[in-house]
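Asks: Structure incoming, see below.
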Amino acid sequence: MTFNFKEIPEIFRYCRRNNIVVDIDNILPRGRGYKNKFNPSDKKLKGMYETLAKIDKEEFGNGWEPTGSYAGPEACNRYCHHLFIAKNGEAHPCIGSVNIFLGNVKKLGLKQIWNSSEMKIIRERSYDGKCLDCKLFIENKCHSCLGRYTENLDKRNLLETGKGHTTGCFCFKEK
């Protein structure tokens with residue numbers, strides 16, 4: 001986003017005017033994406049999301065509060081209807097949670113993976129940590145991005161604790 005950061009408000013407007021679903025996002029800060037030069041700082045990103053929310057409300061009549069996952073009125077809920085399957089068949093809850101190996105679709109099948117204990121923990125939003133005290137999380141306006149705002153999130157920890165640990169994001173709002 002750093003290279004086209006100034007263009008984002010116009011890209012956003014173009015999408016709204018043309019009935020295109022807006023998914024403005026930054027690179028997940030995991031693996032090679034951690035401390036990536038293409039990602040703006042949290043402060044800059046939060047400011048951009050606030051600008052987009054203001055544009056959306058004033059120009060298009062859509063009210064929403066920015067969250068740390070991506071810009072738009074809906075909080076990321078991909079974990080409710082989505083799995084990320086790597087080319088080798090390994091399944092993960094989403095592209096940002098590659099430390100959670102749910103199994104291989106070639107051996108277990110999608111139904112067994114989807115109904116796994118780990119996916120149930122994730123779909124039920126069984127977390128501990130900072131996000132549980134956030135107004136946006138409590139009001140279901142944010143779901144604590146698995147790829148951005150969790151730590152030590154892997155299959156073993158999920159199964160041992162029955163929870164994922166959240167770290168909170170730049171949009172943290174106390175109850």
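Asks: Regarding the range 70-87, can at least one residue be identified that is of a type in the set (Lys, Arg), touching a strand residue (DSSP E or B) at 6+ places or on another chain (Cβ under 9 Å) and open to solvent by 20 Å² or more (accessible area, probe 1.4 Å)?
Replies: Yes, the range 70-87 has at least one match.
Asks: Please go through the range 57-81 and give me each residue that is within 13 Å of the chain's Cα centre (by Cα) and assigned to a helix (DSSP H, G or I), ordered by number.
Replies: Once the filter is applied, which keeps residues that are within 13 Å of the chain's Cα centre (by Cα) and assigned to a helix (DSSP H, G or I), the range 57-81 yields Arg78, Tyr79, Cys80.
Asks: Give the residues of the range 82-129 that are among the hydroxyl-bearing types (Ser, Thr, Tyr) and under 17 Å from the mean Cα position of the chain (by Cα), sorted by residue number.
Replies: Ser97, Ser126, Tyr127
Asks: Please specify each residue of the range 50-83 satisfying the condition of being in contact (Cβ under 8 Å) with a residue 24 or more places away in the chain, in contact with a Cys (Cβ under 9 Å, 6 or more places away or on another chain) and not small (Gly, Ala, Ser).
Replies: Glu65, Pro66, Thr67, Tyr70, Cys76, Tyr79, Leu83
Asks: Right, here's the next one. Ala91 versus (1) surrounded by 13 or more Cβ atoms within 10 Å (Cβ to Cβ); (2) in a loop (DSSP other than H, G, I, E, B); (3) free of Cβ contacts under 8 Å to residues at least 24 places away in the same chain: which is the lone unmet condition?
Replies: In the conditions (1) surrounded by 13 or more Cβ atoms within 10 Å (Cβ to Cβ); (2) in a loop (DSSP other than H, G, I, E, B); (3) free of Cβ contacts under 8 Å to residues at least 24 places away in the same chain, Ala91 misses (2) alone.
Asks: Which residues, counting only those in the range 51-69, are open to solvent by 50 Å² or more (accessible area, probe 1.4 Å) and among the small types (Gly, Ala, Ser)?
Replies: If the condition is that a residue be open to solvent by 50 Å² or more (accessible area, probe 1.4 Å) and among the small types (Gly, Ala, Ser), then Gly61, Gly63 are the ones that fit.
Asks: Now a separate question. Does the range 147-154 include one or more residues that are within 25 Å of Asn26 (Cα to Cα) and either free of Cβ contacts under 8 Å to residues at least 40 places away in the same chain or assigned to a helix (DSSP H, G or I) (or both)?
Replies: Yes.
Asks: If you don't mind, another one. Quick check on Lys35: is it open to solvent by 30 Å² or more (accessible area, probe 1.4 Å) and on the phi < 0 side of the Ramachandran plot?
Replies: no
Asks: For the range 95-142, give me every one of the helices (runs of 4 or more DSSP H) that falls completely inside it and has 2 or more residues that are in contact with an Asp or Glu (Cβ under 7 Å, 6 or more places away or on another chain) and among the aromatic types (Phe, Trp, Tyr).
Replies: none
The values are calculated or read from the model by the stated rules, or taken from the named source; none is laboratory data. Every value quoted in this text rests on a predicted model; they were computed, and no experiment measured them. Counting neighbours? That spans all protein chains shown, and the Cβs are built from the backbone with ideal geometry, glycine included. Accessible surface is based on the protein model in full, side chains and every heavy atom, while ligands, DNA and RNA are left aside. Shrake-Rupley method; radii C 1.70, N 1.55, O 1.52, S 1.80 Å.
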